[in-house]
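Asker: Mind having a look at this structure? Questions to follow.
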Amino acid sequence: MSTFSYTRRDFLKSVGTVAASAGAFSLLSGLISADETNPEKERRPNIIFIMADDMGYGDLGCYNKKSKIPTPNMDRLAKEGVRFTDAHSPSAVCTPTRYGVLTGRYCWRSRLKRGVLGGYSPCLIDTRRMTVASLLKQHGYATACIGKWHLGLGTAKRTDFSKPLVPGPNALGFDYFFGISASLDMPPYCYIENDRVVKQPTEMVEAGEAGKDGWWRKGAIAPGFKHVQVMPDLTKKAVAYIDKHAKSSRNSPFFMYFALPAPHCPIAPAPFVKGRSQAGGYGDYVVEVDWTVGEVMKALERNRIAENTLVMVTSDNGSPGRTKIKRAPYSIIEVYGHNPSGDLRGIKADIWDGGHREPFIARWPAKISAGTTSDELICLTDLLATCAAIVGTKLPGNAGEDSYNILPALLGRKTDIPIRQAVVHHSSIGMFAIRQGKWKLILGRGSGGFTKPNRVKPKPGEPKGQLYDLDKDPAESNNVWAEHPAIVQRLTNLLEKYKKQGHSRRT
Ligand SMILES: [Ca+2]
């Protein structure tokens, strides 16, 4: 028992015996916080959420021993934190996952029922809705969105980039935004800072050569805009943001949502990563993602704020694997012997796990034990409820409808039952699946996405959908739908209930 705490107790006793004035109360509360909490450990963390675009479960060395891509920075992050093996994006494509990450709500509840937005689409998120950024801002955080937005800007049917882009990230809780409108293969090709275009896209660029790595759509481009420069430019902005906010973050922490445009096409690796992987331009672009993660880690260390910063790294959907789909002329697997989906079935856009099971690494040295793994079933929609738990608040009833607090899993605390009751998966064409424990039920036949065929019409007497036991059959190769009618019924009912009641979280 320290002398200091003895003195404090004496002080508490003494103020209890006198009519406490407002001044005495404020003095008292000051003493309690100085004494009872360890200011270094209990300070709210900075939160950095780095989300790659189309990076696969099998691209990272720490997830796939056979990966042909060196990812030393992400591997180190996993060594210093926790690596999840059963994390899922809420959708197998870009826009709906981003909607889910920021709002904690499945995107199929919004007006977007399948597919993604374009570069000129209006804003998808209702500005009255709570986002991770608006929640943290309410709790004193500085908030930034850096990178690929892809959630629409403005209210017009076709966005006019010569006008203020309202509503956009700033209307949804972000103090600061720097980035691009949508995917890097979608015009307009220009940078946006807060609600304005930095340099107007006054020129036109032809589409990239069909079937080549560097393919992009024809469209408007700002003078001097170079696709290959976007990753380095965004990384510089993210590092500058950390440098700027490091000092003040001791009192007012920051949240940075850092959405990378890589390794989505155009495959545009910077010259300094060329040839660093054994998986072609795609592999080199993943190396660049890893470099960016390393630059963020370095900035945190240089500013001595790594200890109390929660860094999460994940991807918005699976990798397309350049598997002879659309504009990809070759398969990464065939040419380089590298499978971006690892041992999972399927690719980006598919309802199979290759479409939406994601690498998910979290490091927070002050709280998370180094070198741990978690097989907890989680979803990227869980960010909102988890951030609410970190700042010590509860979500209101009209927010985060599909968000669960995964803080216990991050901190390695065992819970009696799984944190989530189930996770709903959604493919690019709008095919549903639901996962509970070892069972995965898919409401349809086929991939639901890029792998052909995406829909299979069942013949008379054939199963209408797919049921997999992921414990026995992680590669989803043996459809046991016909053998377990009771499980099919139970999971179908649960999915229907989630759809009808408008939420899936426990209330
Ligand atoms: Ca994506």
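Asker: Residues in the stretch 431-452 that are out of contact with any strand residue (DSSP E or B) (no Cβ under 9 Å at 6 or more places or on another chain), open to solvent by 20 Å² or more (accessible area, probe 1.4 Å) and under 18 Å from V93 (Cβ atoms): how many?
Answerer: The total comes to 3.
Asker: State all residues of the stretch 228-264 that are within 16 Å of the ligand (Cβ to nearest atom) and more than 15 Å from W149 (Cα to Cα); if no residue qualifies, say none. Give the steps one after another, and end with the answer.
Answerer: The first filter runs over the stretch 228-264 and keeps only residues within 16 Å of the ligand (Cβ to nearest atom), leaving 230-231, 234, 257-264.
Scanning the stretch 228-264 gives a single hit, P263.
Asker: A further question on this structure: P90 passes all but one of (1) open to solvent by less than 10 Å² (accessible area, probe 1.4 Å); (2) over 14 Å from the mean Cα position of the chain (by Cα); which number fails?
Answerer: (2)
Asker: Same structure, new question: Restricting to the stretch 285-321, what's the tally of residues that are in contact with a helix residue (DSSP H, G or I) (Cβ under 6 Å, 6 or more places away or on another chain), open to solvent by 10 Å² or more (accessible area, probe 1.4 Å) and free of Cβ contacts under 8 Å to residues at least 60 places away in the same chain?
Answerer: Result for the stretch 285-321: 1.
Asker: What number of residues in the stretch 143-191 are in contact with a strand residue (DSSP E or B) (Cβ under 9 Å, 6 or more places away or on another chain), within 16 Å of the ligand (Cβ to nearest atom), open to solvent by less than 10 Å² (accessible area, probe 1.4 Å) and part of a loop (DSSP other than H, G, I, E, B)?
Answerer: 6
Asker: Need pairs with beta-carbon distance below 6 Å; first residue of a type in the set (S, T, Y) and within the stretch 177-205, second more than 16 Å from the ligand (Cβ to nearest atom); sequence gap 6+ or separate chains.
Answerer: Filtered contacts from the stretch 177-205: Y189/I221; Y189/F225; Y191/V198.
Per-residue answers, yes or no, for (1) within 16 Å of the ligand (Cβ to nearest atom); (2) outside any strand (DSSP E or B):
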site: M51; (1), (2): yes, no
site: M55; (1), (2): yes, yes
site: S67; (1), (2): no, yes
site: P90; (1), (2): yes, yes
site: W108; (1), (2): no, yes
site: L117; (1), (2): yes, yes
site: Y120; (1), (2): no, yes
site: R129; (1), (2): no, yes
site: S134; (1), (2): no, yes
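Asker: How many of the residues in the stretch 444-465 are in contact with a helix residue (DSSP H, G or I) (Cβ under 7 Å, 6 or more places away or on another chain) and in contact (Cβ under 8 Å) with a residue 40 or more places away in the chain?
Answerer: In the first step, residues of the stretch 444-465 are kept if they are in contact with a helix residue (DSSP H, G or I) (Cβ under 7 Å, 6 or more places away or on another chain); the result is 449, 463, 465.
Cutting the leftovers down to in contact (Cβ under 8 Å) with a residue 40 or more places away in the chain gives us 449.
Here the count works out to 1.
Asker: So which residues in the stretch 486-507 are open to solvent by 90 Å² or more (accessible area, probe 1.4 Å) and over 22 Å from Y404 (Cα atoms)? Step through it out loud before you land on a result.
Answerer: Initially, the stretch 486-507 is screened for residues open to solvent by 90 Å² or more (accessible area, probe 1.4 Å), giving 489-490, 497, 500, 506-507.
Selection gives Q489 alone.
The values are calculated or read from the model by the stated rules, or taken from the named source; none is laboratory data. Predicted model only: the values in this text are computed from it and were never measured. Glycine gets a Cβ as well: all are built from the backbone with ideal geometry, and neighbour counts include every protein chain shown. Remember, those area values only see protein heavy atoms, side chains included, never the ligands or the DNA or RNA. Shrake-Rupley method; radii C 1.70, N 1.55, O 1.52, S 1.80 Å.
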